[in-house]
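A.B. asks: Let me give you the structure first, and then I'll get to my questions.
Just so it is clear, none of the values below were taken in a lab; they were calculated from the coordinates. These numbers come from a predicted model, not from an experiment. No Cβ is skipped: glycine too gets one built from the backbone with ideal geometry, and neighbour counts run over all protein chains shown.
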Number of protein chains: 2
Amino acid sequence: MRILGIDPGTRYFGYGVIERLATGRVRYIECGVLEPPRGAELAERLAEIARSLGEVIAELAPTVVAVEGVFHGINPRSALQLGHSRGVALAAAGAASLLVHEYAPATVKKAVAGNGAATKHQVQTMVRTLCGLKRAPKLDASDALAVAICHAFAARNLSAIAARVVRR
Amino acid sequence: MRILGIDPGTRYFGYGVIERLATGRVRYIECGVLEPPRGAELAERLAEIARSLGEVIAELAPTVVAVEGVFHGINPRSALQLGHSRGVALAAAGAASLLVHEYAPATVKKAVAGNGAATKHQVQTMVRTLCGLKRAPKLDASDALAVAICHAFAARNLSAIAARVVRR
């Protein structure tokens with residue numbers, strides 16, 4: 001199983017691809033942050049994200065996608081902005097007939113760092129260790145890898161971590 | 001100038017294309033409602049919208065896109081859902097290098113029906129009249145035509161109706 005984790009955003013869009021090995025461990029494949037031109041209109045930035053993410057999917061051929069659920073307490077303006085880049089990401093996954101699973105932020109932190117209230121830095125450090133990387137990936141790429149790792153662990157033990165396909 | 005108006009949604013996605021004539025009047029070209037399969041996952045529905053809207057743009061060759069701004073008082077969950085389909089629409093516009101203008105709902109109603117507090121039915125009736133249609137279009141298609149007409153009138157008299165390109 002090859003998992004594409006995504007951390008959507010219209011300025012920084014993180015992605016990370018891992019494989020779940022039969023041993024239950026994960027193997028790092030690639031990660032990165034898409035950064036559409038800053039001065040560009042929103043429509044242009046979203047088109048750039050759609051194009052680049054399509055290339056990532058075509059090249060790295062994930063078999064499933066994982067994304068963080070939206071946290072409570074987000075304001076409507078931020079939810080709309082997040083929705084824009086998230087919609088483009090979901091459409092790219094759908095175009096490749098990939099199922100998308102979503103996980104609550106606390107579930108991702110618990111799966112990766114053993115603690116649902118772990119800091120971003122703790123998650124980043126654990127992602128680096130689990131992926132066997134010499135240097136920590138950028139924060140958005142690390143967050144994308146974290147949700148991919150969460151899905152790998154959830155797939156190993158579905159009863160322990162609630163996974164659900166994004167339906168609405 | 002050929003204007004594509006859109007009324008995004010993940011279940012019903014309205015679009016409407018008109019031309020602004022030199023006389024200042026509008027000429028109806030086409031409208032419709034994209035309805036991705038109900039039972040499909042969100043990612044699949046968004047991919048279907050992206051594909052269909054891309055076809056509409058390729059076939060009808062609009063030169064500009066108009067969309068309603070998001071109204072105040074929307075809740076975060078609804079804003080996220082709207083953002084998903086809106087993001088896909090903006091990406092399709094951006095991929096075709098089309099500028100996207102957005103208008104407040106009250107501005108659209110005022111432009112089309114002469115009253116910022118017009119009912120949906122009043123807007124639908126005026127859209128039908130302005131487009132010279134024998135029957136009223138479906139509500140989502142009518143709303144899409146309404147924002148396209150609003151842009152046509154705004155382009156005629158930019159000082160009267162504030163237009164702004166979607167930047168954030």
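A.B. asks: Quick one: angle between helix B:76-95 and the longest Cα principal axis of chain B, in degrees between 0 and 90, rounded to 10, please.
C.D. replies: 80 degrees
A.B. asks: For peptide A:45-55, how many partner chain Cβ atoms fall within 10 Å of a residue's Cβ, on average?
C.D. replies: Mean shielding count: 4.
A.B. asks: OK, next. Under 5 Å between amide hydrogens, which residues at least 5 positions from residue B:99 or on another chain qualify, with H placed 1.01 Å from N in the peptide plane?
C.D. replies: Excluding prolines and chain starts, which carry no amide H, the hits are B:65.
A.B. asks: Order these by the 10 Å Cβ neighbour count, fewest first: A:153, A:13.
C.D. replies: Listed from fewest to most nearby Cβ atoms, that is A:153, A:13.
A.B. asks: List the lysines whose Cα lies under 19 Å from the Cα of residue B:110, skipping any in the same chain that are fewer than 8 positions away.
C.D. replies: B:120
A.B. asks: Give the percent of DSSP beta bridges with both residues in chain A that are antiparallel, rounded to the nearest 5.
C.D. replies: 65 percent
A.B. asks: Hey, could you pull the Cα Rg and Dmax for the range B:2-167, both in Å?
C.D. replies: Values for the range B:2-167 (Cα only, Rg and Dmax): 14.8, 46 Å.
A.B. asks: Find out how many positive minus negative residues lie around residue A:60, taking Lys and Arg as positive, Asp and Glu as negative, among other residues whose Cβ is under 13 Å from that of residue A:60.
C.D. replies: -2
A.B. asks: Counting Lys +1, Arg +1, Asp -1, Glu -1, what net charge surrounds residue B:144 among other residues with beta carbon under 12 Å of its beta carbon?
C.D. replies: -4
A.B. asks: Here is a further query. Need one number: nm distance between label points at residue A:77 and residue A:121, each 7 Å from Cα along Cα→Cβ, rounded to one decimal.
C.D. replies: 3.0 nm
A.B. asks: Run the numbers on chain B and let me know its relative contact order in percent, using alpha-carbon pairs under 8 Å that are six or more apart.
C.D. replies: That works out to 32 percent.
A.B. asks: Moving to a separate point now. Once you list every other residue whose beta carbon is under 15 Å from the beta carbon of residue B:121, what net charge do they have if Lys and Arg are +1 and Asp and Glu are -1?
C.D. replies: +3
A.B. asks: May I ask for the angle, rounded to the nearest 10°, between helix B:42-60 and the longest principal axis of chain B, with both axes built from Cα atoms and the value confined to 0 to 90°?
C.D. replies: With rounding to tens, the tilt is 40 degrees.
A.B. asks: Another one. If r is the Cβ-Cβ distance from residue A:38 to residue B:23 and R0 is 41 Å, what FRET efficiency results, to the nearest 0.05?
C.D. replies: Efficiency computed from Cβ-Cβ geometry: 0.50.
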